[in-house]
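Right, one structure below, let's go through it.
The values are calculated or read from the model by the stated rules, or taken from the named source; none is laboratory data. For clarity, every value in this text was computed on a predicted model and none was experimentally measured. We place every Cβ from the backbone using ideal geometry, glycine too, and count neighbours over all the protein chains shown. Protein only, heavy atoms only, side chains kept; ligands, DNA and RNA dropped before computing areas. Shrake-Rupley method; radii C 1.70, N 1.55, O 1.52, S 1.80 Å.
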Amino acid sequence: MADLEKYRDYIEEIISYRAKHQYVNSSLQKKPVFDRNHDRYLLMVNGFEGTKRYDYPVIDVEIINNKIWIHYDGTEEGVATYLLEKGVPKSDIVLAFYSPEKRKFTEFAVA
């Protein structure tokens, strides 16, 4: 259970860090969303630029069966890279943005 709490903290830390860096010359807002009860974590972007509405995720992560499932990662540095630097083993990270067939060719967990 100790790893689960660390994993939650790491995910919130990377999302909070990315949320602090707002877009330059833009009215778009980054909004972190943390749901520890269901282990769902998002970094959303929304707002208007001119008359165009934007609403999309930058990071979408979930903890399922004590593994970190990265559903979407729109960062250059990579959420998985950050988690590895924190000491999370590859066997506890699922690159869920790949199909199950492609996941088996990575060094990370399949499920």
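Carbon and sulfur: what percent of the chain's accessible surface (1.4 Å probe)? It would help to have the intermediate numbers written out before the result.
Working: 3500 of 6820 Å².
Carbon with sulfur: 51 percent of the solvent-accessible area.
As an exercise, use a Förster radius of 25 Å and the Cβ-Cβ distance of residue 25 and residue 85 to find the FRET efficiency, rounded to the nearest 0.05. All intermediate terms of the calculation are to be shown ahead of the outcome.
Details: r = 31 Å, r/R0 = 1.23.
After rounding to 0.05, the efficiency reads 0.20.
Rg and Dmax of the chain, using alpha carbons, in Å: what are they?
14.8, 47
For a 28 Å ceiling on Cα separation, which of these pairs sit above it: 52/104; 31/67; 30/102? Provide the component values of the computation, followed by the final result.
Working: 52/104 40 Å; 31/67 24 Å; 30/102 31 Å.
From the list (52/104; 31/67; 30/102), the Cα-Cα distance tops 28 Å for 52/104; 30/102.
Compactness ratio of segment 11-50: Cα Rg over 2.2 N^0.38 Å, N = residue count?
Numbers: Rg = 11.5 Å, N = 40, 2.2 N^0.38 = 8.9 Å.
Taking N as the residue count of segment 11-50, the ratio is 1.28.
Given the peptides 97-108, 7-18, arrange them by the average over their residues of other C-beta atoms within 10 Å, most packed first.
Numbers: 97-108: 12.0, 7-18: 17.7.
Descending mean neighbour count gives 7-18, 97-108.
Taking a probe of 1.4 Å, how large is the accessible area per residue of the chain, in Å²?
Working: 6820 Å² over 111 residues.
Value returned for the chain: 61 Å² of accessible area per residue.
Can you give me the relative contact order of the chain as a percent, contacts being Cα pairs under 8 Å and 6 or more apart? Before the final figure, lay out each step's value.
Values: 176 pairs, mean separation 18.4, N = 111.
Rounded, it is 17 percent for the chain.
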